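Asks: What follows is a structure written as structure tokens; I'll ask about it next.
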Amino acid sequence: MAHLNGMMIARSPAFGREAYKILWYLTEQLEFDSFAVLNIGEISSDLGLKSQAVSRALRTLIDGGVIERGPRVGQRSSFRFAPTVTEYSKIRPSRFTEVSASA
């Protein structure tokens, strides 16, 4: 089962406080294998942020490769976690791989 690679996300200098807040919110809303329709106004209300801040944070997460925008459903957009978020180990091997390789 796919899961978020928190190390990659935490190390990224591109994400500000709002993007992290939205990311945590999205962990309860999104999946890797299917798109979910999100209501920016609802997210805004739930988190006490302006809708512009939510939109900006979503754009940051899209540009950072954490989430993907899917098809529109009426006036709303759909999103899912990007499969590339789970592929961090291919980019930078973990400490455990390095240790076991040298043993």
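Asks: Check whether at least one residue in the range 5-18 is in a loop (DSSP other than H, G, I, E, B), at pLDDT below 90, farther than 13 Å from Ala82 by Cα and among the charged types (D, E, K, R), and report yes or no. Full working, then the answer.
Replies: First, the residues of the range 5-18 that are in a loop (DSSP other than H, G, I, E, B): 5, 12-16.
Filter again for at pLDDT below 90, leaving 5, 12-16.
Imposing the further condition that a residue be farther than 13 Å from Ala82 by Cα reduces the set to 12-16.
Imposing the further condition that a residue be among the charged types (D, E, K, R) reduces the set to none.
No: zero hits.
Asks: Right, next: For the range 63-83, give me the residue count where each residue is in a loop (DSSP other than H, G, I, E, B) and surrounded by 12 or more Cβ atoms within 10 Å (Cβ to Cβ). Give the steps one after another, and end with the answer.
Replies: Here is the first cut: in the range 63-83, the residues in a loop (DSSP other than H, G, I, E, B) are 64-66, 70-72, 74-75, 82.
Checking which are surrounded by 12 or more Cβ atoms within 10 Å (Cβ to Cβ) leaves us with 64-66, 70, 82.
Matching residues across the range 63-83 total 5.
Asks: Considering the range 19-62 alone, what residues qualify as being of a type in the set (Phe, Trp, Tyr), part of a helix (DSSP H, G or I) and either modelled with pLDDT of 95 or more or touching a helix residue (DSSP H, G or I) at 6+ places or on another chain (Cβ under 7 Å) (or both)? Even if it seems obvious, please write down each step before you answer.
Replies: First, pick out the residues of the range 19-62 that are of a type in the set (Phe, Trp, Tyr): 20, 24-25, 32, 35.
From what's left, part of a helix (DSSP H, G or I): 20, 24-25.
Answer for the range 19-62, where residues must be of a type in the set (Phe, Trp, Tyr), part of a helix (DSSP H, G or I) and either modelled with pLDDT of 95 or more or touching a helix residue (DSSP H, G or I) at 6+ places or on another chain (Cβ under 7 Å) (or both): just Tyr25.
Asks: Here's something else I'd like to know. Could you tell me which residue of the range 63-103 is farthest from Ala19 (Cα to Cα), considering only residues that are at pLDDT below 90 and β-branched (Val, Ile, Thr)?
Replies: Out of the qualifying residues, it is Val99.
The values are calculated or read from the model by the stated rules, or taken from the named source; none is laboratory data. Computed from a predicted model, the values in this text were never measured in an experiment. So basically every Cβ, Gly included, is an ideal-geometry build from the backbone, and we count neighbours across all protein chains shown.
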